[in-house]
1. Being over 23 Å from D101 (Cβ atoms) and either polar (S, T, N, Q) or more than 23 Å from the chain's Cα centre (by Cα) (or both) is the requirement here; does V316 meet it?
2. Name the residue, out of Y457, Y465, that is within 24 Å of P489 (Cβ to Cβ), within 21 Å of the chain's Cα centre (by Cα) and aromatic (F, W, Y).
3. Mind checking which residues of the stretch 305-322 are buried (at least 20 other Cβ atoms within 10 Å of the Cβ) and either part of a strand (DSSP E or B) or at pLDDT 90 or above (or both)?
4. Inside the stretch 436-482, can you point out the residues that are hydroxyl-bearing (S, T, Y), within 17 Å of V406 (Cα to Cα) and part of a strand (DSSP E or B)?
5. Being over 20 Å from S417 (Cβ atoms), surrounded by fewer than 21 Cβ atoms within 10 Å (Cβ to Cβ) and of a type outside the set (A, V, I, L, M) is the filter here, so list the residues in the stretch 156-176 that pass it.
6. Would you confirm, using the coordinates I've provided, whether A498 is farther than 18 Å from A414 by Cβ and either out of contact with any Lys or Arg (no Cβ under 9 Å at 6 or more places or on another chain) or not assigned by TED's automatic domain parsing to the domain that holds A372 (or both)?
7. Scan the stretch 267-288 for residues that are among the β-branched types (V, I, T) and either farther than 22 Å from A301 by Cβ or part of a loop (DSSP other than H, G, I, E, B) (or both) and jot them down.
Amino acid sequence: MSDNTFVGRMDDLVGAVALGLVFALMVCPVAAGVHQGSSPGPLDPRAHAGVIPRQDAPPLPSRPEVTIPVGTYPISSAYDHFTHEVFVANSGAGTLSVISDTSNTIVLTIPVGASPSSVAFDPSTRLIFVVNSGSANLSVVSDATDSVVASVGVGSAPAAVAVDWLTREAFVANAASNSVTVVKEDPLSVVATIPGVTNPVALLFDPSHHEVFCADASGNAVTVLSTLTDSVVAAVHVGMSPAALAYDSHTHTVDVANFGSSNVSELSDATNTVVGTVAVGSNPLGLAYDPFKRDMFVSSAGTNVVDVVMDATNSVTANISVGHFPAGATYDPTKHEVFVANYNSGTVTVISSSTLSRLGSALVRADPLLMAFDPVLHEVFVTDDGAANVSVISDLNDKPVATIPVGNAPFGIAYDSKKHEMFVANEFSDNVSVISDATNTVVASIPVGSFPLGVAYDPTGGRVYVSNWASASVSVISDATNTVVGTIPTGSEPYLMAYSPFQHEMYLTMEGTDNVSIISDASGTIVANIAVGASPDGIAYDVHLREMFVANWGSGNVSIISTTSSTVVATVTAGVQPYGVGYDPSKHEIVVSNRGSDNLSVITDATDTVTQNPAVGSHPYGVLWDPYRHTVFVADNGDGTVDVLADSTPL
């Protein structure tokens, strides 16, 4: 089938849906005011100054590809990092194909509305949102049941959807209504309609500025919407017929695929201005960003390739052949793969993009101990035991950006994703400091037990658990009131904790009794005790295998607990005095800091074996995984520094 035949069929199927409107500019170039010809015309952005011409590059042999048959006319996709699945909208079949990234096979097909055109995933509620152009509605799919749980009507020919997981609202671009519908998730209802856009066909949420970027295909512009006021705040002229958007977290730019001018515009999200343009293949229609390799993958529908653009040089470094008429693309951070929907082929091409190398270190203050990551601001919060404060490190440049005074001897720390607050246990003050990430100030101080050490957040109940080492108890704090609502007696010397979201249980290392206690968040009581090694300290949850990894400081090993059976299923020898534990979901690896040998033990969860022992600073304590940069942060207590390691190549 030719591309022009495709255009006609799309118009019949969808009417004013995103691609139909964009491709109409190709079919009727004179009416649309588009100049044709092989050389750049006066309206071709490639004729303007500052455009980097496209340079063809050979395919990369290190990028093996897999092709997966899906439904008719796949057009858009989204990744669910909880289930490790890719949801693909098949516009011709009215279905979602669910692909397991473990086997790269379809595990389920979910009927949705007529002509689904766009998919978005909300990690805060684990819901998948699908806009159906043919039935003018929004379907909501639960990843727990893999079924449609609700639907709501929107505007005419909805073409795209984006989710603001902070306010839990979905934004729907109505291509024929020239508007954006704002849908509240709970209860599912339309709460606003934003006018002032022209033929909107793509949306992107920018959490840093609480804005949604909207590609206006007919207006050759990107309209910027505030999610706080539900209004237009800016309009930026880009190339011809913008059709796709993606965010580059390294350069803080929004990349815009311009279908009509075969280039990508780069917008600064700070100034809402175009700061660069890169020529790519013919008719780019999809974008996906790999934050680890810092590459933008551009699906060029007219040439049936994916161009790989390096954001450091704004140049094309590879061209990868895919199926016929590649459209939407999405990045899988777990396996470092890009999924490309080939519209005319009815397939999805999987492109491999990919173990720890040291990038540098950030100087903090006296005695860095434990850490927590703020996914909204892309910042690492580090407790500083000797300086009675918390250091804040930006993951953009690995530099401290703030120092926050807290109580005496801050130890454990946890992030409350609901309130966007950090909870810090102050060991010698017997209290917990609550830090607002909006102001980097302490907004509350909560008395708890004696010598509080560990902190963990339970998103199910909106509660924060604090282990009191000297009191042999756990304080339960409501994040709604910032007050202690319960106290759970434990054994001797409760230490650090990790939460199992599937079992709804808190796992607590007991340093004094050499076991791990399991606390049910439903009953607020200890329901089991599991014997592990000597002096268990750090603990982390492996969401892939649903296992807890426990660092036993006294016995120099790591106990692996199945949360399904509540038993130790393996024991792995680590370095000297293993302490901190962090989980890397992209590689299914557990990173353990060895305080006595100044190195890390990297354990693969597939074989429960140590594969690397990279050296770090003196007396490493806490280990933290940054999902945006695919880096590991290690607090070196003896050096007063935090090491930053990339999971690219082994040391």
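The values are calculated or read from the model by the stated rules, or taken from the named source; none is laboratory data. These numbers were taken from a predicted model, which means no experiment stands behind them. Reconstructed Cβ throughout: ideal geometry from the backbone, glycine too, with neighbour counts over all protein chains shown.
1. For V316, the condition - over 23 Å from D101 (Cβ atoms) and either polar (S, T, N, Q) or more than 23 Å from the chain's Cα centre (by Cα) (or both) - is met.
2. Y457
3. Matches in the stretch 305-322: V305, V306, D307, V308, V309, V316, A318, N319, I320.
4. S436, T441, S445
5. Matches in the stretch 156-176: S156 only.
6. It is false that A498 is farther than 18 Å from A414 by Cβ and either out of contact with any Lys or Arg (no Cβ under 9 Å at 6 or more places or on another chain) or not assigned by TED's automatic domain parsing to the domain that holds A372 (or both).
7. Across the stretch 267-288, the qualifying residues are T271, T273, V274, V275, V280.
Residue-wise test of (1) of a type in the set (G, A, S); (2) over 26 Å from T460 (Cβ atoms).
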site: T67; (1), (2): no, yes
site: I75; (1), (2): no, yes
site: H81; (1), (2): no, no
site: G92; (1), (2): yes, yes
site: S97; (1), (2): yes, yes
site: S103; (1), (2): yes, yes
site: I110; (1), (2): no, no
site: S115; (1), (2): yes, yes
site: A120; (1), (2): yes, no
